[in-house]
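Q: First the structure, which I've put down as structure tokens, then a few questions once you've had a look.
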Amino acid sequence: MARILLSGGTVVNATGAAPADVLVDGETIAALLAPGSDLVDPATCDRVVDATDKLVVPGGVDAHTHMELPVGDLAASDTFETGTTAAVWGGTTTIIDFANQYVGDTVPGCIDEWHGKAEGNCVIDYGFHLAVGDVNEETLKHLERVVDEGITSYKLFMAYPGRLYSDDAQILRTMQVASRTGAMTMMHAENGIAIDVLAAQAVEKGLVDPVQHGLTRPKALEAEATFRAIKLAEVARSPLYIVHLSADAALDQIVEARDRGAPVFAETCPQYLYLSLEEHLSRPGAEGAAYVCSPPLRSRDDGNHDNLWRGLRTDDLSVVATDHCPFCLEDQKAPALGDFRRIPNGLGSVEHRLDLLHQGVVTGEIGLPRWVELCSTTPARLFGLYPRKGVIAPGADADLVVYDPSARQTLGAATHHMNLDHSAYEGVEVTGRVETVLSRGSVVLDERRFTGRAGHGCFLRRGLAELLR
Ligand code: URP
Ligand code: ZN
Ligand code: ZN
């Protein structure tokens, strides 16, 4: 078991930042030491990592990924191996992926299928949420049990009628199960029934370009679904986590609920902070198709993006996850041009979350501890991984990132490691770069040389959420 000393860096936790050395012994953190402490003789360590002028932060926890997600005849283009490799390059050391139950699938069958995809293939640790697409009596019985297998969160869909959609009765019944088991209900909050009407009307008028995907999913329909989900959770007495919140009008609903003390949480994603309907989704043809995701990118003009940043500061938005769901442009997105409804939904960014959010530190939108809290500590706490993950403290897993806050890099398809033929952030310049990454004490990125291996990552049996209020 290797002893590794990370010396000379500034350790950043959600609670603050301070100069400290970190001693790793085997898979866990053994001690935090005052800088230059003589309590540990570097000669007794197998390796000393020089973190001078660098930050040492807990490995990122990306609570929302879709590796190999089947969508119709297609599958998201990152496998568990390529996706977790890319995650390492971006400083993420834990992913929570969605095991998707479609109509007709049993819950145990779907969980077995996801274990089959991930086991032996992940470079970093991983857990599963269950995405429930067929709420029926049998499903509800299985949901009572999956918590014992370490799957402690269920995602439901108010969008995608005929595919993954649940009606209010199905939602309420699932939330009632969650209330008994302690699981977290996660919600894709968009009114899919109304959206389908608007989308069909657009196509009837010959409006088929990618931008129509955004124009037919107005903010009001995200806000309405968010409100309804909050009320249903209140009736069921279950906590609620809204995934991929994009609209400030939906954020208003979260603020109202949290101000009442309701156990309601929300996540946003880098795409909703940095990309927009006008600048990206409105591009012609395949270029616009690259940016089709649900909920859609929003207009910047009315202050939506600034309002999301405000939500990150006020903790009304608790988590930043990627919703990493990559589809290649040439083979997967472009063939569906001609009807925006057929373009596979999703963007790939598992590699860029920490760097992109670090720009918020650079511009003063958030501080360093908040960066760590949003990208690592709070997702670990809400999804039953804390204090094993999400913190640099004795006893925690040695999932550590040495981050150079002043390095400059340009993002793009030629240099990223995701299995994706384009980048939503092509040419974007960022300040900050991941240098070295440890996953449970193993160096998986060594001064920007990949040293990880598929199979190192273990399935995480998660506990219940630590509700933060
Ligand atoms: O466009 C998206 N978000 N694709 C992934 C599936 C989902 O709804 O999260
Ligand atoms: Zn979703
Ligand atoms: Zn998703």
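Q: Could you check how much of the accessible area of the chain is carbon and sulfur, as a whole percent, using a 1.4 Å probe? List each step's numbers first, then the result.
A: Details: 8190 of 16370 Å².
With neighbouring chains kept in place, the figure for the chain is 50 percent.
Q: Only four residue types carry charge here, +1 at the Cβ of Lys and Arg and -1 at the Cβ of Asp and Glu. Report the dipole size of segment 111-171 about the Cα centre in Debye, rounded to the nearest 20. The partial results should precede the final answer.
A: Values: 5 positive and 12 negative charges, 45 e Å.
Roughly 220 debye for segment 111-171.
Q: I'd like the Karplus ³J(HN,Hα) series for segment 212-223: coefficients 6.51, -1.76, 1.60, θ = phi - 60°, whole numbers in Hz, and an x wherever there's a Gly or Pro.
A: 5, 4, x, 5, 9, 10, x, 4, 4, 7, 7, 5
Q: Can you work out the FRET efficiency for the pair Lys231 and Tyr102, with r the C-beta to C-beta distance and R0 = 25 Å, to the nearest 0.05?
A: Details: r = 27 Å, r/R0 = 1.09.
The calculated FRET efficiency here is 0.35.
Q: Could you work out the helix-only [θ] at 222 nm for the chain, with each DSSP H run of four or more residues adding -39,500 (n - 2.57) and the total divided by the number of residues, to the nearest 500 deg cm²/dmol? Walk me through the numbers on the way to the answer.
A: On the way: 14 runs with 135 residues, N = 469.
Calculated at 222 nm, the ellipticity per residue is -8500 deg cm²/dmol.
Q: How much accessible area per residue does the chain have, counting only protein heavy atoms and a probe of 1.4 Å, in square angstrom?
A: On the way: 16370 Å² over 469 residues.
For the chain, the per-residue accessible area is 35 Å².
Q: How much of the pair distance distribution for the chain lies past 34 Å, counting alpha-carbon pairs only, in percent?
A: Numbers: 32030 of 109746 pairs.
More than 34 Å apart: 29 percent of the Cα pairs in the chain.
Q: Here's something else I'd like to know. What are the ³J(HN,Hα) values, in whole Hz, obtained from phi via the Karplus relation 6.51 cos²θ - 1.76 cosθ + 1.60 with θ = phi - 60°, for each residue of segment 26-31 in sequence order, with x given for Gly and Pro?
A: Values per residue, Gly and Pro as x: x, 8, 10, 7, 8, 6 Hz.
Q: So if R0 is 22 Å, what FRET efficiency would Glu149 and Ser179 give, r being the distance between their Cβ atoms, rounded to the nearest 0.05? Walk me through the numbers before you get to the answer.
A: On the way: r = 19 Å, r/R0 = 0.87.
Efficiency computed from Cβ-Cβ geometry: 0.70.
Q: In square angstrom, rounded to the nearest 10, how much accessible surface does Ser299 have for a 1.4 Å probe?
A: Using a 1.4 Å probe on the heavy atoms, I get roughly 40 Å².
Q: A follow-up question, please. Which whole-number percentage describes the relative contact order of the chain, with Cα contacts under 8 Å and a sequence gap of 6 or more?
A: Details: 1143 pairs, mean separation 102.1, N = 469.
After rounding, I find 22 percent.
Q: Could you grab the relative contact order for segment 1-140? Cα pairs under 8 Å, six or more apart, rounded to a whole percent. Mind dumping the intermediate values first?
A: On the way: 238 pairs, mean separation 27.5, N = 140.
Relative contact order of segment 1-140: 20 percent.
Q: Please give the Cα centre distance for segment 9-68 versus segment 282-332, rounded to the nearest Å.
A: Result: 32 Å between the Cα centres.
Q: For the pair Asp38 and Asp167, what calculated FRET efficiency results from E = 1/(1 + (r/R0)^6), where r is the Cβ-Cβ distance and R0 = 45 Å, to the nearest 0.05?
A: On the way: r = 65 Å, r/R0 = 1.45.
It comes out at approximately 0.10.
Q: So what does His352 come to for accessible area, using a 1.4 Å probe and Å² rounded to 10?
A: In the full protein context, His352 sits at about 10 Å².
Q: What is the dipole size for the chain, taken about its Cα centre, with +1 at each Lys and Arg Cβ and -1 at each Asp and Glu Cβ, in debye to the nearest 20? Don't skip to the answer; put the middle values down first.
A: Numbers: 40 positive and 65 negative charges, 155 e Å.
Taking the Cα centre of the chain as origin, the dipole is about 740 debye.
Q: Further question: Where does segment 206-322 land on Rg(C-alpha)/(2.2 N^0.38 Å)?
A: Numbers: Rg = 14.6 Å, N = 117, 2.2 N^0.38 = 13.4 Å.
The reported ratio for this selection is 1.09.
Q: In addition: May I ask you to compute the full-extension gain from Asp73 to Ala414, defined as 0.36 nm times their residue separation minus their alpha-carbon distance, rounded to one decimal in nm?
A: Working: separation 341, 0.36 × 341 = 122.76 nm, distance 2.72 nm.
Difference between extended and current length: 120.0 nm.
Q: Can you give the Rg/Rh ratio of segment 1-147, where Rg is from the C-alpha atoms and Rh is the Kirkwood radius? Please report the intermediate quantities before stating the final value.
A: Numbers: Rg = 20.4 Å, Rh = 18.0 Å.
Checking Rg against Rh, the ratio lands at 1.13.
Q: May I pose another question? Going from most exposed to least, what order do Asp38, Asp315, Asp355 have by accessible area with a 1.4 Å probe? Intermediate values should be presented prior to the final figure.
A: Working: Asp38 140, Asp315 50, Asp355 5 Å².
Per-residue accessible area, sorted high to low, gives Asp38, Asp315, Asp355.
Q: ³J(HN,Hα) across segment 68-85 via Karplus (A = 6.51, B = -1.76, C = 1.60, θ = phi - 60°), whole Hz, x for Gly/Pro?
A: Calculated HN-Hα couplings, in order: 6, 5, x, 9, x, 7, 9, 9, 3, 7, 8, 7, 4, 6, 5, x, 6, 5 Hz.
Q: Run the numbers on segment 112-250 and let me know its relative contact order in percent, using alpha-carbon pairs under 8 Å that are six or more apart.
A: Details: 187 pairs, mean separation 32.8, N = 139.
Reported as a whole number, the value is 24 percent.
Q: Report P(r) for segment 319-447: all Cα-Cα distances, bin width 5 Å, range 0 to the bin holding the largest distance, values in whole percent.
A: 2, 10, 15, 19, 19, 15, 10, 6, 3, 1, 0, 0
Q: Rounded to the nearest 20 Debye, what is the dipole magnitude of segment 191-268 about its Cα centre when Lys and Arg each give +1 and Asp and Glu each give -1 at the C-beta? Each step should come with its number before you reach the end.
A: Values: 8 positive and 11 negative charges, 43 e Å.
Once rounded to the nearest 20, the dipole reads 200 debye.
The values are calculated or read from the model by the stated rules, or taken from the named source; none is laboratory data. Predicted, not measured: the structure shown is a model, and the values here were computed from it. We place every Cβ from the backbone using ideal geometry, glycine too, and count neighbours over all the protein chains shown. SASA here: full protein model, heavy atoms, side chains in, ligands and nucleic acids out. Shrake-Rupley method; radii C 1.70, N 1.55, O 1.52, S 1.80 Å.
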